[in-house]
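Structure first, commentary second.
Bear in mind these aren't lab numbers, they're just calculated from the coordinates by the rules spelled out. Computed from a predicted model, the values in this text were never measured in an experiment. Here the Cβ positions follow ideal geometry from the backbone for every residue, glycine too, while neighbour counts run over all protein chains shown.
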Amino acid sequence: MKRWMFWLITAIVVALIFVGFGYTKKRETQKQFDNLMSQAITNAQAAEYKKTELNLQDALRKKPDDVVAKQRLEQVKLYQEGLAELKQDDYEQAQLTFRSTAKVSPSLSILTQRAKKKDKFLEAVLKQREKYDDLYNEAVRLTEMGAYSQSNENLVQILDEKNIDEKYYSQVRKDARELQERNNSILEQIRIQNQQAAIRRQREQQRQEEAKKAQQAAASSSSSVENQNGEPKKNDDKNDDRNSGQDNVKDSSESKPETNNSATEPQPNNENK
């Protein structure tokens, strides 16, 4: 009887030892798990996302079936994917990823807040980019039509924006500047061509004016020569007329006395006869 009691008591003691050991180990595991989850929150707040991921992976090794640890690990992975897409300027996909990050539950609240903020910010960026893209596409259309100045007016609306130098608009900024340089180059060529054409027109006008003046001078000179050639002839005719008149007068004067003499000549006196 005593022997049986001895083994029974021994078995109970051993069982209690194992139960106690197991309970102690479980408590220690839970403590380690809780510490890892706490470290994950701290690292997430410090934006140490890789460390946060490692903390959650270690926590799941302690408690592989813990739902909270699984969801938070999924969330921090998504958030890092969104950051990588944002770095690669894939803003549309980054926005979708951040939206998914914010929907994870249970979650790290700090990541949920940051993901929502990123989503809202990217929505504004994408709207602004859409506006710039519309202006740029219209500028391209105007350039193709040959309306280079009007195209530049659209490009100025892009390049004069305060936020255009931000990295989110780097591509449209680059495209706008290149198109503006192209437009300016063409406009400069047109200006030079117009200037050269104006010079040619001015020279042609001067040539025509000089030719007209030369024609007028030639006509004036010819008229003067004709006048000079005709005047002596008119004087000779007048002299001839004058001389002819004088001759007539002379002849008349010469013949007149003869008539007078015959008229005054004394008639024979009948008486004397």
Give me the percent of Cα-Cα pairs in the stretch 54-116 that sit more than 15 Å apart, rounded to a whole number. 48
Cα centroid separation, the stretch 201-216 to the stretch 34-89 (Å): 89
The stretch 76-218, Rg to Rh (Cα coordinates; Rh as Kirkwood inverse mean 1/r): 1.43
Packing-based ranking, highest mean first, of 191-200, 124-133 given that Cβ atoms within 10 Å are counted: 124-133, 191-200
Give the span of the stretch 91-130's Cα atoms along each principal axis, as three whole-Å numbers ordered largest to smallest. 35, 14, 9
To the nearest whole percent, what portion of all C-alpha pairs in the stretch 19-156 is separated by more than 23 angstrom? 52
